[in-house]
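The values are calculated or read from the model by the stated rules, or taken from the named source; none is laboratory data. Bear in mind the structure is a predicted one, so any value in this text is a computation, not a measurement. Glycine also receives a Cβ, built like all others from the backbone with ideal geometry; neighbour counts cover every protein chain displayed.
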Amino acid sequence: MKQQLTKLFMLALSAVLVFSACRKEDAPLPDNLVQFTAALQGIDEGTNSITVKVQLSRATDRDIPLVISVTPTGFTGAVNYTTSPAAVSGNIPVTILSGSSEASFTLTKSAGAAYSGSEKVTFKIISSGTPVLIGSTNEFTLSFSKITSTGASTVGNGGGATYGNKVFFDLSANAQESVLRTKWDLGFYSGADDWRVILNSSTAMMAKQINKNDLTTVTAADTLGFSADVFFNQTAPTTQSLAYIDYPTGDLTKTAIAAISATATDNKVYIVNRGTGVGNPAPARGWKKIRVIRNASGGYTLQHADIASATFTSIDIPKTTAYFFNYASFENGAVAVEPAKEKWDIAWSYFSNMTDFGGGAVPYLFQDMIIQNRNTSTVRVMTATKTYEAFGEADLTGLVLSNSQVNIGSDWRAGGGPSSAPAVRTDRFYIIKDGENNYYKLRFTALTQGGERGYPAFEYALVKKG
């Protein structure tokens, strides 16, 4: 099976070969459009603010000023919200900065305000700087009540050909949230039933346990042979490497870092290679030594340091149950990454997957992977069995949905290797059951925008409301 695959892990400071689509020099670029990422969203009672994004087809080499009109309806008395930037004479000025492909503004509810649920605010892009044109999704309506979307067409902001973002999609809310994929290093499971730590699967991280439980006693000598032991090269991948990544299905019993014991002395030190960052060539992110223990507050404590350091830094990470995982960065401490567990269903990302060349499974980085949330299940439907248009609620009977986070994975696209261009498979679509028991049918429509990868597109429709 041909895949657009990039070698997962390599020696520190080695270059990463990135395959990207090339445009003919004389091929005209399509229009660069600016539009909202969705046409409708809701802000529920428990949410105080929402960030609204506008997105370009591609980044430009100049600032793009926008004017967005604001029209509130259904409010009784004073309009009890604010925007940042503030509206002036009913218009919000927004600028997409040079080199960026998106900008945003925020709406915040006024403190103590009460809403009936009938209130709405409609935003409309009424002007844009040249050479950008206004796209078809030029209006965005925010409802002051929770919605269950009946469907939409969506283009994810994956960050372009270097796939710099991980993009989270909430189908029922018509929402997406993109996060720089190097923002974090480790994720800490919040469930009460287990104590697990995951690696950043989008940066080629690997971790190997050593037989020490004191970071201050670990030196560069403890890493001798580690590169040869853990990493593989393009011509000779090894199955042994698979033990040093988190198992791609999301099975928490198969993480590279063992379960965190209540007995502190049982928690060993790990040597971690942080993999690679965003860029072409992708920069090496270096090495760390880490140890994780439980703390008295009911959460985790991460101890980390550079390999040669005689001291270490500690970060406390709570078990915040609104999220499946809470995250930490070696540089920035605790950081916000994924949305609350009820506010995303699938994500698009670069991903530490595995493949088999005939000698057993080995780690490999896959571009354009679709990852599903832990409360989401999916199944593929072939159009030879039922077309996307014809699929209805009655067709849900008998389907067996999977909880593997890579059940969709790369199945939605083909090609992408040195000898074939990537393409969306049109002979299949997917049924997605979200955490609120809504069933959606979803089919992918593109994996490029203007010839550039990193902008996955799909359409979806509600099949059965939960």
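S352 fulfils the conditions (1) more than 30 Å from R425 (Cβ to Cβ); (2) crowded, with 22+ Cβ neighbours inside 10 Å except for a single criterion, (1). The single condition among (1) part of a strand (DSSP E or B); (2) over 18 Å from the mean Cα position of the chain (by Cα); (3) at pLDDT 95 or above; (4) surrounded by 17 or more Cβ atoms within 10 Å (Cβ to Cβ) that I370 does not meet is (2). Any residue in the stretch 355-364 that is touching a strand residue (DSSP E or B) at 6+ places or on another chain (Cβ under 6 Å), outside any loop (DSSP other than H, G, I, E, B), among the small types (G, A, S) and surrounded by 15 or more Cβ atoms within 10 Å (Cβ to Cβ)? Yes: the stretch 355-364 contains one or more residues that are touching a strand residue (DSSP E or B) at 6+ places or on another chain (Cβ under 6 Å), outside any loop (DSSP other than H, G, I, E, B), among the small types (G, A, S) and surrounded by 15 or more Cβ atoms within 10 Å (Cβ to Cβ).
Let's see how each residue does on (1) of a type in the set (F, W, Y); (2) touching a Gly at 6+ places or on another chain (Cβ under 7 Å); (3) free of Cβ contacts under 8 Å to residues at least 60 places away in the same chain:
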| residue | (1), (2), (3) |
| --- | --- |
| D61 | no, no, yes |
| P65 | no, yes, no |
| V70 | no, yes, yes |
| V79 | no, no, yes |
| T82 | no, no, yes |
| I92 | no, no, yes |
| I96 | no, no, no |
| G99 | no, no, yes |
| K109 | no, no, no |
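In the stretch 25-113, counting only strands (runs of 3 or more DSSP E) that sit wholly within it, the ones holding 1 or more residues that are of a type in the set (S, T, Y), under 19 Å from F144 (Cα atoms) and under 24 Å from the mean Cα position of the chain (by Cα) span 49-56, 102-109. Criterion applied to A243, A256, A282 was being surrounded by 14 or more Cβ atoms within 10 Å (Cβ to Cβ), outside any strand (DSSP E or B), within 23 Å of the chain's Cα centre (by Cα) and at pLDDT below 95, and the one residue passing it is A282. Count of the stretch 157-167 residues, restricted to those that are touching a Pro at 6+ places or on another chain (Cβ under 7 Å) and either without any contact (Cβ under 8 Å) to a residue 24 or more places away in the chain or under 16 Å from K343 (Cα atoms) (or both), is 0. The condition (being of a type in the set (D, E), without any contact (Cβ under 8 Å) to a residue 60 or more places away in the chain, surrounded by 15 or more Cβ atoms within 10 Å (Cβ to Cβ) and under 19 Å from P72 (Cα atoms)) is satisfied by just one residue among E119, E139: E119. Say we look at the stretch 388-419 and pick out the residues that are within 28 Å of Y455 (Cβ to Cβ) and loosely packed, with under 12 Cβ neighbours inside 10 Å; which of these is modelled with the lowest pLDDT? Here the residue is P418. Inspect the stretch 209-227 for any residue being at pLDDT 95 or above and surrounded by 22 or more Cβ atoms within 10 Å (Cβ to Cβ) and give the result as yes or no. Taking every residue of the stretch 209-227 in turn, none turns out to be at pLDDT 95 or above and surrounded by 22 or more Cβ atoms within 10 Å (Cβ to Cβ). Mind listing whichever residues of the stretch 137-151 are under 10 Å from F36 (Cβ atoms) and outside any strand (DSSP E or B)? The answer is T137, N138.
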